[in-house]
Amino acid sequence: MNYSQRTDLILPEYGRNIQQMVKHAVAIEDRAERTRCAKTIIDIMGNMFPYLRDVEGFKYKLWDHLAIMSEFKLDIDYPFEVVKPTTLQQKPEKIPYNTQRIRYMHYGRLLQTLIEKTVAYPEGERRQELIDLMANHMKKSYLTWNKEVVDDRKIFDDLRELSHGELDMNPESMTLTASRDIMNRNRPANKNNNNKARNKNNNNNNRNKK
């Protein structure tokens with residue numbers, strides 16, 4: 001067979017044999033026979049993905065796929081309403097993108113949203129807990145990007161600036177997680193990985209000596 005003359009598969013996941021079956025079904029003149037042939041094809045398509053049989057809507061999707069593979073030329077009595085060609089041609093709606101400038105990239109846009117929510121939160125213990133968590137998260141984010149020790153005052157100053165003065169922290173009454181503790185959290189894991197790699201190399205070397 002000349003592979004260069006093969007037509008592209010409309011839905012490659014079903015393979016060329018199913019595509020040929022659909023083409024044959026479209027060419028059947030008798031409507032009742034054409035419908036029976038389509039039902040047989042649906043059964044074969046379903047058997048290709050037995051783990052999806054109990055998934056809700058799976059049967060509907062099979063009939064949609066059958067219509068698509070026939071390029072909507074298969075004139076039969078469909079048991080369900082299938083997808084329309086116009087539906088496939090519709091372009092998805094554009095997702096609005098927030099173009100607002102981020103003051104500090106290492107904190108991210110989500111932090112600004114959290115700050116706005118916290119500012120609007122009623123005064124009290126719960127609000128203070130949110131501020132504590134947010135400040136420690138800011139410190140962690142700062143150290144992730146800058147890889148250097150940072151003074152808590154820097155975090156408090158950034159928080160005050162980003163909240164437009166609404167969240168004014170007192171460094172004398174609040175202490176964040178130490179920079180050293182944050183930076184050391186991933187080191188034990190890296191050390192263990194290095195030890196595993198070293199042991200693996202030693203085992204391989206011992207095997208080669210035998």
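The values are calculated or read from the model by the stated rules, or taken from the named source; none is laboratory data. What you see is a predicted model; the values in this text were computed from it and never measured. When we count neighbours, we look across all protein chains shown, and the Cβ atoms used for this are built from the backbone with ideal geometry, even at glycine.
Is it the case that the stretch 70-89 has a residue that's surrounded by 13 or more Cβ atoms within 10 Å (Cβ to Cβ), in contact (Cβ under 8 Å) with a residue 24 or more places away in the chain and over 30 Å from Lys39 (Cα atoms)? Checked against the condition, which is being surrounded by 13 or more Cβ atoms within 10 Å (Cβ to Cβ), in contact (Cβ under 8 Å) with a residue 24 or more places away in the chain and over 30 Å from Lys39 (Cα atoms), the stretch 70-89 yields no hits at all. Taken over the stretch 139-153, residues that are surrounded by 10 or more Cβ atoms within 10 Å (Cβ to Cβ), more than 31 Å from the chain's Cα centre (by Cα) and of a type outside the set (Val, Ile, Thr) amount to 3. Could you tell me whether any residue of the stretch 48-66 is touching a residue at least 40 places away in the same chain (Cβ under 8 Å) and either more than 31 Å from the chain's Cα centre (by Cα) or closer than 20 Å to Leu88 by Cβ (or both)? Yes, there is a match, as at least one residue in the stretch 48-66 is touching a residue at least 40 places away in the same chain (Cβ under 8 Å) and either more than 31 Å from the chain's Cα centre (by Cα) or closer than 20 Å to Leu88 by Cβ (or both). Scanning the stretch 170-182 for residues that are surrounded by 10 or more Cβ atoms within 10 Å (Cβ to Cβ) and at pLDDT below 80 gives a single hit, Pro171.
Taking the condition in a helix (DSSP H, G or I), without any contact (Cβ under 8 Å) to a residue 40 or more places away in the chain and in contact with a Lys or Arg (Cβ under 9 Å, 6 or more places away or on another chain), does Arg36 pass?
no
In this structure, is Ile131 out of contact with any strand residue (DSSP E or B) (no Cβ under 7 Å at 6 or more places or on another chain), farther than 21 Å from Met105 by Cβ, aliphatic (A, V, I, L, M) and surrounded by 15 or more Cβ atoms within 10 Å (Cβ to Cβ)? Yes: the conditions hold for Ile131.
The set of residues in the stretch 104-138 being closer than 16 Å to Ile182 by Cβ and among the aromatic types (Phe, Trp, Tyr) consists of Tyr107 alone.
Read through the list (1) free of Cβ contacts under 8 Å to residues at least 24 places away in the same chain; (2) surrounded by 14 or more Cβ atoms within 10 Å (Cβ to Cβ), then give the number of the only condition that Asn136 fails. Asn136 satisfies all of (1) free of Cβ contacts under 8 Å to residues at least 24 places away in the same chain; (2) surrounded by 14 or more Cβ atoms within 10 Å (Cβ to Cβ) except (1).
In the stretch 99-113, the residues that are assigned by TED's automatic domain parsing to the domain that holds Asn146 and modelled with pLDDT of 80 or more never reach a residue that is among the aromatic types (Phe, Trp, Tyr) and not in a helix (DSSP H, G or I) with C-beta atoms less than 7 angstrom apart, at least six apart or across chains.
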